[in-house]
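Below is one structure, written out as structure tokens; the observations come after it.
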Amino acid sequence: MTVLNRFFVTTPIYYVNDKPHIGHAYTSIAADFLARFHRLAGRDSFFLTGTDEHGTKIAETAAAAGKTPQALCDEVVEQYRGTWRTLGLSNDYFVRTTDARHVAAVQKLLTVLNGATAPNGREAVYAGVYEGLYCTGCEKFITESDLVDGMCPDHKMPPTPLKEKNYFFRLQPYLAILKEMVEKNELVILPDERRREVLGLLTTGLPDFSISRESEKWGIPLPFDPTQTAYVWIDALPNYISAIGYGDDPQQFDRWWNKAEVVHLMAKDILKFHTIYWPAMLMAAGLKLPDRIFIHGFFTINGEKMGKSLGNMIDPRKMAEIYGADATRYLLLNQYPFGVDGDVKEREFATKYNSDLANDLGNLVSRVAKMMIQYCDGVIPAPRADVPGQNEVMEMAVDLPDAVYNHVCNFRITEAIAGAMNLVRATNKFIEDAAPWKLAKNGQQETVGGVLYTAGELLRIASILLYPIMPEKVREIRSVFGLEDKNLTLDSARTWFNLPHGNRVTLKESIFPRLDAKAIPMLVPPKAEPVTVDLVSFDDFGRVSLRVARVIAAERVPKADKLLKLQIDLGDEKRQIIAGIAQQYAPEEMIGKSIIVVANLQPATIRGIESRGMLLAAKNGGTLRLLTVDGDIPPGASIG
Ligand code: MSP
């Protein structure tokens, strides 16, 4: 394969029925990493991402929220844009399928497809009737055999039966051609496991697929039959060409589609659309196919599938608030090897942050800078040839930029980052072994300078290799040594003695402050403990008198940080109770609340204070919430 000096990388365009989560962020950060690394290597790169805004799923979400679909899209798209800004994505374009430019390009493509002849001499697009079960969660037809207990296994909802006129794309005649292209690696599908899966699908055969819907109105009308709306996937896939001028800028399109290496990135959930339907559509339209399609793994969170109902979808912006944007990028891409399925364990975020970023990298920066300040008058010292251990560590570093870039070219993102981090660790070891503080004590001032120069030089090389994963932090690191952005190139990492001696060293604060793992709020709430109870009879329950009470006064119990003393009105009497809620509720918040109490509990003395009754609250781990009465129920009313 000839490697074109232009690189075009895409992410899937994400549905706007909900705000982004770390699954979306994972693909986007990976694409950003690739684009930034190829730019470092001098390849002209274009990074595309965007949002998928049409179709039943979006229309239904909007209707449920009492909004127009466009209003919902306009709101959620800002969440995506904002999140990508927070995470420092360097996308060159953001495509929305509701953009007029995209709509026009899709209509142009549909017109071309409608006029195309399939390899078997028949028309590529034809009208027919579709009858089947449709899952709006997947935005696709599913078969009876896909269902589990009558529901879509992925979305846990029953599919809707549909029978309507549709236009179809004649897929059959393209399958054999596509199979040959995949076999010959003219269309590269990676990793190999996914390539085999695709070859399997191409061998067993797939039915023609429908490209329009009669019943769905939220979408792009077919140019040759406006009573039909383009099927959301047929609308979405062409984003990869609409964004680079298929409809309106032939020069730009030629530059980024025909004369660039085109790479699509995604997870396996949408493999069939990208590796079969999309290439077949491109062939029918007489367009070149993408060069490589990389399907990375799908991850679970703390061992569970991510889902809204499980409440475990982590908002990347919340994660960035705790760890910082660059550490979020690093932590997400380092949980498991890129390309296989994995699990993201929240409790490992802080551990990995502290070990890799605070200890290995952050400390290295402070150490080198502080010693240059202490031993070298705050400037980068001159290099020396006779530094102990220098040759060994240089030997490791000399081939590293190319080795790391080779990983990048082959989508081994985790290995690429590990390569750069190994250099950081080797530099720490080099300093430990050379022990400049000892040399300083022995009066070997020039060797101290030599050791620190080499350490700084290794750190400079590491900074370049780490730039694509942590761009902002790397800029901070480089500014400590007065390094200029224009030297953020792979060539500069390949060149030795590029650290400019004489530069002033300025260290303001630590680059990655250590985190106290225990003080970090959990992003995925802990699950409620399963409660096991003995069964009680109706009569047993009837013996407990539950009543509404209004809080009249509340104060803290001295020297008991968990207790509040409450005066309550039970309608026919006033009482005092002691409640263990002082860490969750301030006394003044309690006044006026209508709470629920067990009124016939035996009186008790707590910390020398009498308590006659017990209030009810829900507990989950450290969280506690009072049971209160909603509406106008007077104190004393009984609960049944
Ligand atoms: N709109 C379609 C894509 C159209 S592209 C022409 C869609 N959108 S999506 O919002 O559901 O995004 C799916 C993609 O999000 C996955 O392919 C993957 O890139 C990313 N991920 C979502 N959850 C993920 C994980 N749990 N793990 C890894 N990637 C995840 O499908």
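Odds and ends about this structure:
- Rounded if a/c under 1.5, otherwise prolate or oblate - the stretch 380-426, Cα gyration tensor axes: prolate
- Of all DSSP-defined beta bridges confined to the chain, some 65% are antiparallel rather than parallel.
- The stretch 1-123 - share of DSSP beta bridges that are antiparallel (%, nearest 5): 10 percent
- Length-normalised contact order for the stretch 348-519 - Cα pairs under 8 Å, 6+ apart - percent: 37 percent
- Estimated vicinal HN-Hα couplings, Hz - the stretch 536-550 in sequence order (Karplus 6.51, -1.76, 1.60; Gly, Pro = x): 10, 7, 4, 5, 4, 5, x, 6, 8, 9, 9, 9, 7, 9, 9
- Cβ-based net charge around Gly389, under 9 Å, with every Lys or Arg adding one and every Asp or Glu removing one: -1
- Mean ellipticity per residue at 222 nm, deg cm²/dmol - from DSSP H runs of n ≥ 4 across the chain, formula -39500 (n - 2.57): -11000 deg cm²/dmol
- Sequence-separation-based contact order of the chain, relative, with Cα cut under 8 Å and 6+ spacing, percent: 11 percent
- Among the trypsin sites (Lys or Arg not before Pro) in the stretch 81-140, those located in a DSSP loop and surrounded by at most 15 other Cβ atoms within 10 Å of their own Cβ are Arg122.
- Calculated on C-alpha atoms, the gyration radius of the chain divided by its Kirkwood radius gives an Rg/Rh of 1.08.
- Longest exposed-site-free window of the chain, the sites being GluC sites (Glu not before Pro) in a DSSP loop that have at most 15 other C-beta atoms within 10 Å: 187-483
- Mean Cα-pair separation over length for the stretch 375-458, i.e. relative contact order, pairs under 8 Å, 6 or more apart, %: 50 percent
- Largest first, the residues Asp399, Asp341 sort by 1.4 Å accessible area into Asp399, Asp341.
- Hydrodynamic radius of the stretch 6-297 per Kirkwood, over alpha carbon pairs, in Å: 19.6 Å
- Under the span-like rule (Cα at least 24 Å along the axis, Kyte-Doolittle mean at least -1.0), DSSP H helices of the chain: 22-40, 69-86, 413-434, 445-466
- Taking 4.7 Å between beta carbons as the limit, the unpaired Cys residues of the chain are Cys73, Cys376, Cys409.
- Net charge over other residues, Cβ less than 13 angstrom from the Cβ of Leu616 (K, R count +1; D, E count -1): +4
- In the frame of its principal axes, the stretch 348-519 has Cα extents of 47, 41, 28 Å, reported largest first.
- For the chain, the carbon plus sulfur part of the accessible surface works out to 52%, probe radius 1.4 Å.
The values are calculated or read from the model by the stated rules, or taken from the named source; none is laboratory data. The structure displayed is predicted, hence computed values, not measured ones. Note that we place each Cβ from the backbone using ideal geometry, even for glycine, and neighbour counts take in every protein chain shown. Note: accessible area is taken over every heavy atom of the protein model, side chains too, but ligands, DNA and RNA are not part of it. Shrake-Rupley method; radii C 1.70, N 1.55, O 1.52, S 1.80 Å.
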